Amino acid sequence: TAYEIRNCDWSSDVCSSDLQIDYLAGVYRYTLVNRHKELVSFSEELASANNLLALLNFKYQNCLRLKSTVKNNQSIYLIPGSLMITIDAIVRNTLISEKSPLQISIYEEDDYIVLQHQLNDKLVLHAASMDSFARLQRSYSFFSDNTFVQVKAGNQNYIKFPAIGVTHNMEETV
């Protein structure tokens, strides 16, 4: 149960396995539930991204951190899987260690959700994750006039998702 997992001895392989299964199930459940949706709320995306990061932290010895300061997370929408695809591409293409942990910040800027992290690219990039990232860039052009942007400036990488707002039209019937 969740209570047992929270109170586990963290050195236990059984407890670690249970946690990994829970995080993986969260990521998988999110993918299944949202696979036919065009847009999901930022809060749903963020919850799924947190599950992915928690799962990846087992591999990277808790060297991955995510901090979000987005306030109106229910009124902002993203394409399902946007944060997971982006975080996956970042993790696969960044050198990560205890001396150089990956710290990702997410915040609002103008009409964008910005994902920022320090650059520490590997010499050889993971091609499949870069292809997924490129497909995501193309997908956003269908939902917003603002472009999906990646900017590398100095030692920082900025990935800007158009913050999509959804208006709900209610038609009155007479």
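The values are calculated or read from the model by the stated rules, or taken from the named source; none is laboratory data. In this text, all values refer to a predicted model and were calculated from it rather than measured experimentally. Glycine also receives a Cβ, built like all others from the backbone with ideal geometry; neighbour counts cover every protein chain displayed. Surface areas here come from the heavy atoms of the whole protein model, side chains and all, with no ligands, DNA or RNA. Shrake-Rupley method; radii C 1.70, N 1.55, O 1.52, S 1.80 Å.
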Select from 95, 73, 17 the residue farthest towards the positive end of the dipole of the chain; place +1 on Cβ of Lys and Arg, -1 on Cβ of Asp and Glu, and compute about the Cα centre. 95
Taking θ = phi - 60°, what integer Hz values does the Karplus form 6.51 cos²θ - 1.76 cosθ + 1.60 yield along the range 109-116, in sequence order, with x for Gly and Pro? 8, 6, 9, 10, 9, 10, 10, 10
In order over the range 141-148: 3J(HN,Hα) from phi, Karplus 6.51/-1.76/1.60, θ = phi - 60°, whole Hz, x for each Gly or Pro, gives 5, 7, 10, 8, 6, 6, 8, 6
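Determine the order of 142, 148 by accessible area, beginning with the largest, at a probe radius of 1.4 Å. Show your work: numbers first, answer last.
Numbers: 142 175, 148 20 Å².
Output order, biggest surface exposure first: 142, 148.
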At 1.4 Å probe size, put 67, 99 in order of accessible surface, largest to smallest. 99, 67
Assuming a viscosity of 0.692 mPa s and a temperature of 37 °C, what translational diffusion coefficient in µm² per second does Stokes-Einstein assign to the chain, Rh being the Kirkwood radius over Cα pairs? 188
Tell me, what ³J(HN,Hα) does each residue in the range 38-47 have, in order and in whole Hz, if you take phi through Karplus 6.51 cos²θ - 1.76 cosθ + 1.60 with θ = phi - 60° and put x for Gly and Pro? 7, 9, 9, 5, 4, 4, 5, 4, 5, 4
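Summing -39500 (n - 2.57) over the DSSP H runs of n ≥ 4 in the chain and dividing by its residue number, what mean residue ellipticity at 222 nm do you reach, to the nearest 500 deg cm²/dmol? It would help to have the intermediate numbers written out before the result.
Working: 5 runs with 70 residues, N = 174.
The helix-only estimate for the chain comes to -13000 deg cm²/dmol at 222 nm.
Can you tell me the dipole magnitude for the chain around its Cα centre, using point charges on the Cβ only (Lys, Arg +1; Asp, Glu -1), in Debye to the nearest 20?
On the way: 15 positive and 19 negative charges, 113 e Å.
In total the dipole reaches around 540 debye.
For Cα pairs less than 8 Å apart in space and 6+ apart in sequence, what is the mean separation divided by the residue count of the chain, i.e. the relative contact order in percent? All intermediate terms of the calculation are to be shown ahead of the outcome.
On the way: 233 pairs, mean separation 32.8, N = 174.
Rounded, it is 19 percent for the chain.
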Give the long-range amide H neighbours of residue 112: residues separated by 5 or more places, or on another chain, with amide H under 5 Å away, using H modelled in the peptide plane at 1.01 Å from N. 163
Rounded to the nearest Å, the spacing of the alpha-carbon centers of the range 136-162 and the range 80-112 is 13
Of 94, 147, ordered by accessible area with the largest first and a 1.4 Å probe, the sequence is 147, 94
Taking every DSSP beta bridge that has both residues in the range 1-128, what percent is antiparallel when rounded to the nearest 5? 60
